[in-house]
Amino acid sequence: MIAYLNGAYLPPEKACISPLDRGFLFGDGVYEVIPSYDGKLFLLDAHLERLGRSLAAIRLPDPMPDGGWAEMLERLLQENPGADRSVYLQVTRGAAPRDHAFPGQASATVFAMVSPIAPQGSAVAGAGVGTITVPDLRWGRCDIKSVALLANVLARQQAAECAAVEAILLRDGLLTEGAASNVFVVTDGVVRTTPLGPAILPGITRAFLLEVLRAGGRDCREEPVPEADLRAADEIWLTSSTKEVLPVTRLDGQPVGDGRPGPVWREALDRYRQARYRSMHVSGKEATHD
Ligand SMILES: Cc1ncc(COP(=O)(O)O)c(C=O)c1O
């Protein structure tokens with residue numbers, strides 16, 4: 001694997017970062033995860049726009065304006081050929097003597113690496129996945145894609161210890177999102193997801209899925225989802241750039257709906273995949289379930 005660090009393309013074991021890097025000391029940085037299919041980055045503009053918003057929110061000047069991101073990411077994919085991959089990209093405020101306030105002088109650290117995207121797999125999609133609920137203990141700016149992820153890490157670990165794939169977060173009796181995903185619920189054919197705001201990450205997959213479902217005539221509402229509605233939902237889905245649209249069939253050990261992936265999820269995944277292929281201009285390839 002070839003990674004990117006501050007202008008160089010090199011094996012990750014040769015990539016060195018100072019222990020004074022503020023990403024290491026304070027979690028003072030932001031990140032993105034961008035999927036690529038058949039060597040092409042999917043929804044790159046939306047990811048770069050969100051990166052720009054995250055950088056602005058933490059007052060870190062963009063270290064690669066003017067098309068530099070796309071050029072670097074494309075070169076990195078060429079260095080790591082393969083079919084379905086995701087690029088992890090991180091920007092921190094750089095190395096400086098340890099002090100909470102911003103350093104007078106520091107240049108941002110930019111790191112990127114490529115990983116395979118695990119296919120959803122017919123077994124997973126066929127059976128769906130198990131989840132647990134946990135209290136949302138995160139800070140008040142979950143809309144920033146910050147590398148400071150300790151609460152998410154602890155929530156996901158709790159899920160792993162229950163053999164669940166994701167922790168679904170609840171705050172003040174309402175659904176927020178997953179530890180690393182957005183959450184959708186379906187009740188009587190109506191799709192609902194938490195509205196945008198500081199309580200959730202504005203997921204790129206969430207936005208794309210809402211658009212394609214609405215274009216297909218499905219009633220989709222961005223409104224608060226009470227915990228009781230989550231527990232009584234006919235269907236629950238998780239969305240993220242690497243999970244796409246994943247059906248949840250168990251919540252805290254109880255079946256969701258009839259305990260199987262539902263018909264609205266099938267419609268959603270089909271529409272999502274078809275729109276994905278269309279938007280990437282890949283011809284001669286049908287969207288299918290893995
Ligand atoms: C907390 C959180 N919410 C939602 C998402 C989904 O975002 P996207 O669809 O942009 O991958 C992620 C992705 O990692 C996440 O970490």
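Overview of values
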read-out: 11 Å beta-carbon shell around G130, net charge (K/R +1, D/E -1); value: -1
read-out: Compactness relative to 2.2 N^0.38 Å, alpha carbon Rg of the chain; value: 1.02
read-out: Region 72-180: antiparallel DSSP beta bridges as a percent of all, rounded to 5; value: 70
read-out: Region 3-116: radius of gyration over Cα atoms, expressed as a fraction of 2.2 N^0.38 Å; value: 1.07
read-out: Among 230-238, 214-222, the order from most to least packed when residues are scored by Cβ within 10 Å on average; value: 230-238, 214-222
read-out: Cα-based helix-to-principal-axis angle, 68-79 vs the chain, degrees rounded to 10; value: 80
read-out: Among beta bridges that DSSP assigns inside the chain, antiparallel share in %, nearest 5; value: 80
read-out: Estimated [θ] at 222 nm from DSSP helical runs (n ≥ 4, -39500 (n - 2.57)) normalised by residues in the chain, nearest 500; value: -8500 deg cm²/dmol
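Any read-out appearing in this document is the output of simple, stated calculations on the displayed coordinates, not a laboratory observation. None of these values were measured; they are calculated from a predicted model. Every residue, glycine as well, gets a Cβ built from its backbone with ideal geometry; the counts of neighbours run over all protein chains shown.
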